[in-house]
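I have placed the structure first, in the form of structure tokens, so that the comments after it can refer back to it.
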Amino acid sequence: MNQPNDPEETTLLKGARFNVERLTLHGDDGKLYQREVVRHPGAVVLLPILDDGSVVMIDNTRPTVGETLLELPAGTREVGEAGHVTADRELIEETGYSAGRLELMLEFYSAPGISDELMLLFRASDLTAGEAQREATESIVNRIVAKEDIPALIRDGKIRDAKTLVGLYAYLNGE
């Protein structure tokens, strides 16, 4: 018999970027409970800082929510891929910038109630502008945001993406 911290898993969906599993959990009351979770290879989020302290952000059209969100660039890691490799690739792909320096700032789970996606936040500096290499399905426009404008954008609800909020709060708090 499985223990509460050793749930049984059944694959419900195998996707290109993630899988959905059904966990069978043993409750303290002796009953079995089922939960669906997303198994994700992890992702990176980038905090690209220009020499003047401004942040390279993106207006990213998100069909899943039907909105264009102001975000930090980010992307999914390939299975087994080192975070800095993903970070290098995604920064160029989404913004066109390349970084002379990448520094891991922190790690966090994006939504641990439903997913095991671990996000790695990298500060990207010593930036060089170049041509973005966006995927055909990405609708992204670069947006340079001054550091002093970030608190008002957050306060006014102009930034609503969780990974972006984590990254910007880390930046504002001197992480």
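Points worth noting:
- Verdict on Leu47 being touching a helix residue (DSSP H, G or I) at 6+ places or on another chain (Cβ under 7 Å) and closer than 25 Å to Ala136 by Cα: yes
- Taken over the range 38-47, the residue count meeting the criterion of being open to solvent by 20 Å² or more (accessible area, probe 1.4 Å) and part of a strand (DSSP E or B) is 2.
- Verdict on Leu25 being in contact (Cβ under 8 Å) with a residue 24 or more places away in the chain, part of a strand (DSSP E or B) and either farther than 13 Å from Ala124 by Cβ or hydrophobic (A, V, I, L, M, F, W, C) (or both): no
- Residue within the range 48-70 that is out of contact with any Leu (no Cβ under 8 Å at 6 or more places or on another chain), open to solvent by 70 Å² or more (accessible area, probe 1.4 Å), part of a strand (DSSP E or B) and of a type in the set (Ser, Thr, Tyr) present: yes
- Residue among Glu107, Glu78, Glu90 that alone is open to solvent by less than 30 Å² (accessible area, probe 1.4 Å) and closer than 24 Å to Val20 by Cβ: Glu90
- Taking first residues from the range 114-133 that are on the phi > 0 side of the Ramachandran plot and partners that are not small (Gly, Ala, Ser), the Cβ contacts under 6 Å between residues at least 6 apart in sequence or on separate chains come to Asp126/Arg101.
- So Arg155, is it within 19 Å of the chain's Cα centre (by Cα) and open to solvent by 30 Å² or more (accessible area, probe 1.4 Å): no
The values are calculated or read from the model by the stated rules, or taken from the named source; none is laboratory data. The model shown is predicted, which means the values in this text are computed figures rather than measured ones. Note: ideal-geometry Cβ built from the backbone for every residue, glycine included; neighbour counts use all protein chains shown. Each accessible area value is taken on the protein alone, full model and side chains, heavy atoms only, with ligands, DNA and RNA left out. Shrake-Rupley method; radii C 1.70, N 1.55, O 1.52, S 1.80 Å.
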